[in-house]
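Okay, structure first, notes after.
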Amino acid sequence: MSDPSNKARQLAVSAEHSGDWLNALPISNCGLRMSDEAIRVAVGLRLGSQFCLPHQCPCGSAVDETGTHGLSCKKSGTRILRHNALNDIVHRALVRAGVPSVKEPAGLFRLDGKRPDGITQIPWATGKCLAWDVTVTDTLAPSYASISSISAGAAAERAAENKVAKYSEISSTHEFVPLAFETLGPINASAKAFLFALGKRLESVSGDSREGAFLFQRLSVTLQRFSCLSLHDSFNVAVVEDH
């Protein structure tokens, strides 16, 4: 019988939108192009392949042949960059859709003093402005393997629930949407609904019925590109993206 990590991987890669990067045309100007190395890592993670030699991460942890430690290593320098890249995609999409938005709004805080990643400056739904916050969890991290091996996207849903609890005060005045992504692709349900609605608004502006698909593809490609960078962080060497 498969171990929990293998079950989690199989469920995750079969989830809706987890394979959107496979359908993306390699167009650099649209943020859809992946380097050969990023594709190698993405395919290896999807198949559960052994694609590196065992080694020690700069954080001191042992990394096995699958290289997956790099996806959840707390010392990885790509975590903030990945978060910012995903947040930028959402922010730019809202602006393109005709919804004025700002990142890290001043004057809007949760109880611990942290701000959401962004808000719209006009109402989004139910007469309220939208507030959103991005988070990425590792599908195969030991802390999530037990639930990821039972249900696809369970780690994303758990992370989304935690975000909702942390931003409960903001939810009374804003339409709050947690955008929780997993390293292997699954997205929480409320984020998928929001991104689908955002895609429809983009479609109404541009007239291109593919806008929603392109949005999901940009997010999916970005996740895979940073998975590659995270893996290389565990070697303490840089990987160069060709554009």
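The values are calculated or read from the model by the stated rules, or taken from the named source; none is laboratory data. Note that the coordinates shown come from a computational prediction; the quantities given were computed from them, not determined experimentally. Every residue, glycine as well, gets a Cβ built from its backbone with ideal geometry; the counts of neighbours run over all protein chains shown.
Quick notes on this one:
- Test for Leu53: is it in a loop (DSSP other than H, G, I, E, B) and more than 26 Å from Lys74 (Cα to Cα): no
- Any hit, segment 92-103, residues being buried (at least 18 other Cβ atoms within 10 Å of the Cβ), closer than 30 Å to Cys73 by Cα and in contact with a strand residue (DSSP E or B) (Cβ under 8 Å, 6 or more places away or on another chain): no
- Pairs meeting the criteria (first residue in segment 178-193 and surrounded by 24 or more Cβ atoms within 10 Å (Cβ to Cβ), second residue at pLDDT below 95 and of a type in the set (Lys, Arg), beta carbons under 7 Å, at least 6 apart or on different chains) are Pro178/Lys163; Ala180/Lys163; Leu184/Arg9.
- Among residues of segment 1-36, those that are farther than 20 Å from Glu182 by Cα and assigned to a helix (DSSP H, G or I), counted: 4
- If only residues of segment 26-52 that are among the aliphatic types (A, V, I, L, M) and modelled with pLDDT under 90 are counted, the one that is surrounded by the most Cβ atoms within 10 Å (Cβ to Cβ) is Leu32.
- Some residue of segment 145-152 being within 26 Å of Val99 (Cα to Cα) and buried (at least 20 other Cβ atoms within 10 Å of the Cβ): no
- Near pairs, Cβ below 9 angstrom, 6+ apart or cross-chain, from segment 125-144 (without any contact (Cβ under 8 Å) to a residue 24 or more places away in the chain and within 14 Å of Leu223 (Cβ to Cβ)) to any residue that is outside any strand (DSSP E or B) and among the hydroxyl-bearing types (Ser, Thr, Tyr): none
- In segment 148-166, the residues that are in contact (Cβ under 8 Å) with a residue 40 or more places away in the chain and outside any helix (DSSP H, G or I) form Cβ pairs under 8 Å with partners that are surrounded by fewer than 17 Cβ atoms within 10 Å (Cβ to Cβ) and of a type in the set (A, V, I, L, M), at six or more places apart or across chains, as follows: Gly153/Ala189.
- The set of residues in segment 88-141 being among the polar types (S, T, N, Q), closer than 17 Å to Ala160 by Cα and in a strand (DSSP E or B) consists of Thr135, Thr137.
- Hits in segment 167-202 (condition: assigned to a strand (DSSP E or B) and under 18 Å from the mean Cα position of the chain (by Cα)): Phe176, Val177, Pro178, Leu179, Ala180, Phe181, Glu182, Ile187
- Any chance Glu175 is of a type in the set (D, E, K, R), surrounded by fewer than 24 Cβ atoms within 10 Å (Cβ to Cβ) and touching a Phe, Trp or Tyr at 6+ places or on another chain (Cβ under 8 Å): yes
- Residue under evaluation His55, criteria (1) out of contact with any Pro (no Cβ under 9 Å at 6 or more places or on another chain); (2) modelled with pLDDT of 90 or more; (3) under 17 Å from Leu219 (Cα atoms); (4) not aromatic (Phe, Trp, Tyr), criterion not met: (3)
- Just one of the listed residues (Glu211, Glu169, Glu203) is out of contact with any Phe, Trp or Tyr (no Cβ under 6 Å at 6 or more places or on another chain), among the acidic types (Asp, Glu) and within 20 Å of Cys129 (Cβ to Cβ), and it is Glu169.
- Which numbered condition Lys74 fails, given (1) touching a Gly at 6+ places or on another chain (Cβ under 9 Å); (2) closer than 30 Å to Cys57 by Cα; (3) not in a helix (DSSP H, G or I): (1)
- Restricting segment 1-21 to residues that are more than 17 Å from Ser143 (Cβ to Cβ) and aliphatic (A, V, I, L, M) leaves a set whose member that is modelled with the lowest pLDDT is Met1.
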